[in-house]
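S.K.: My structure is below; once you've seen it, I'll send some questions.
The values are calculated or read from the model by the stated rules, or taken from the named source; none is laboratory data. Please read all numbers here as calculations on a predicted model, not as lab measurements. So basically every Cβ, Gly included, is an ideal-geometry build from the backbone, and we count neighbours across all protein chains shown. SASA here: full protein model, heavy atoms, side chains in, ligands and nucleic acids out. Shrake-Rupley method; radii C 1.70, N 1.55, O 1.52, S 1.80 Å.
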Amino acid sequence: MEELMDDSLSFKKIKKGSILKGEIISSLKDEIVVNINYFCDGIVRKEELLKDIVVGETYLKGQQIDVFVVSLDDGFGNVLLSEKKAYYENAINELREIYKNGKKVEVFVKEEVNAGLVCDFKGVRGFIPKSRVSINKVNLSDYLNKVLEVVLIEFDMSKNKVVFSRKEIEQEKIEKNKRELLSRINVGDKFLGTVKNIKDFGIFLDIGGVQGFVHKSEMTHKQKFNINDLVKVGDKVNVYVLNYDKENNKVLLTMKDSNYSPFLEYKNDFIEGNIYDVTVLKIVSSGIIVSLNDELTGFIHVSEISDDMVNLNKSFKVGDKIKAKILSINGEDEKISLSYKKVFEEENDSTYVDNEVSNSTLGDVFKDIFSKLK
């Protein structure tokens with residue numbers, strides 16, 4: 001009698017709605033019997049089990065499971081239990097803690113609706129609004145039957161409101177990749193960038209989560225081009241790091257291949273001493289930068305413009321077509337020097353008449369001189 005009383009004192013006090021940990025005593029065809037340390041055993045019917053397969057092959061004697069108290073008496077002196085409800089309540093309690101501490105969680109996407117994605121977290125129905133699925137434009141059907149890492153942004157079980165978001169996860173990954181990339185980026189590094197924005201003065205690209213900028217002058221070796229003819233938003237282009245300002249996290253890029261040289265490409269098309277039609281590209285204090293073709297440039301020093309003082313900005317303007325004579329082609333510095341004044345010197349030389357072999361008289365020779373002395 002004393003032993004029975006001692007055993008009864010060791011039993012738990014349970015109530016409907018409690019979640020208990022029990023030990024399987026036996027597995028029958030349509031139910032399992034669970035010891036819940038109560039004066040009577042608990043029964044979990046097949047429809048209240050998590051696994052929808054043959055009971056005896058799944059639930060083994062001695063196995064520990066969580067159960068929810070549905071009723072203290074099933075009419076036959078047993079406590080009626082549910083594994084499904086225990087799993088569901090545990091999931092709700094877990095979500096409550098997740099909502100408090102802001103931890104990430106994984107959900108399974110079950111369904112696509114107009115407003116977003118219906119998902120599941122351990123039996124708890126949740127929702128991801130379309131605007132919270134990604135920071136980019138998405139096709140919702142691409143996420144069906146997939147496990148997504150998300151954060152819980154709204155939680156109110158009294159209204160059955162469980163709302164998740166994936167945007168924060170994506171943004172965090174972008175920031176992480178950005179920090180990693182900036183920590184190892186070097187001048188000369190090559191990247192495949194995505195064009196994000198186009199301006200008159202250049203383009204902004206994304207290189208692995210880091211924004212970079214290519215000035216118009218660094219887009220191509222061509223002297224004249226329209227940016228919008230060269231690239232479009234969304235295009236993938238190869239770029240090289242030209243400069244990296246670590247203090248301000250600014251990355252300057254170039255689309256020009258450092259191994260390509262317009263000078264080497266076209267130098268054999270031009271010959272020293274020949275005169276060519278060139279176009280004024282830029283006027284500087286020391287002279288004029290001109291284009292010999294679409295990619296190759298040359299320089300006319302101010303001393304090769306005229307022997308007299310000359311105001312370059314008044315005498316020339318960008319876009320002027322002029323003739324210039326190539327003075328030198330410097331392979332070491334990859335520079336071409338030209339002369340503007342020598343074009344006219346050659347023209348004067350070609351029209352010079354030798355008076356010693358002409359038929360002019362002395363009167364004809366000195367006629368102009370005498371007229372100037374009057």
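S.K.: Look at segment 171-180 and say how many of its residues are open to solvent by 70 Å² or more (accessible area, probe 1.4 Å) and not charged (D, E, K, R).
M.R.: 2
S.K.: Quick one: which of Leu28, Leu4, Leu50 is at pLDDT below 90 and within 25 Å of Phe121 (Cα to Cα)? Before you say what the answer is, go through the steps one by one.
M.R.: On the way: Leu28 fails: within 25 Å of Phe121 (Cα to Cα); Leu4 fails: within 25 Å of Phe121 (Cα to Cα).
The unique qualifying residue is Leu50.
S.K.: Tell me, which strands (runs of 3 or more DSSP E) lie completely within segment 87-170 with 1 or more residues that are open to solvent by 50 Å² or more (accessible area, probe 1.4 Å) and either among the polar types (S, T, N, Q) or within 19 Å of Leu50 (Cβ to Cβ) (or both)?
M.R.: On the way: elements: 104-113, 116-121, 124-129, 147-156, 161-165.
By residue number, 104-113, 124-129, 147-156.
S.K.: Is there any pair linking a residue in segment 220-239 that is of a type in the set (Ser, Thr, Tyr) to one that is in a helix (DSSP H, G or I), with Cβ under 7 Å and at least six apart or on different chains, and which?
M.R.: Taking only residues 6 or more apart or on different chains, the pairs are Thr220/Leu230.
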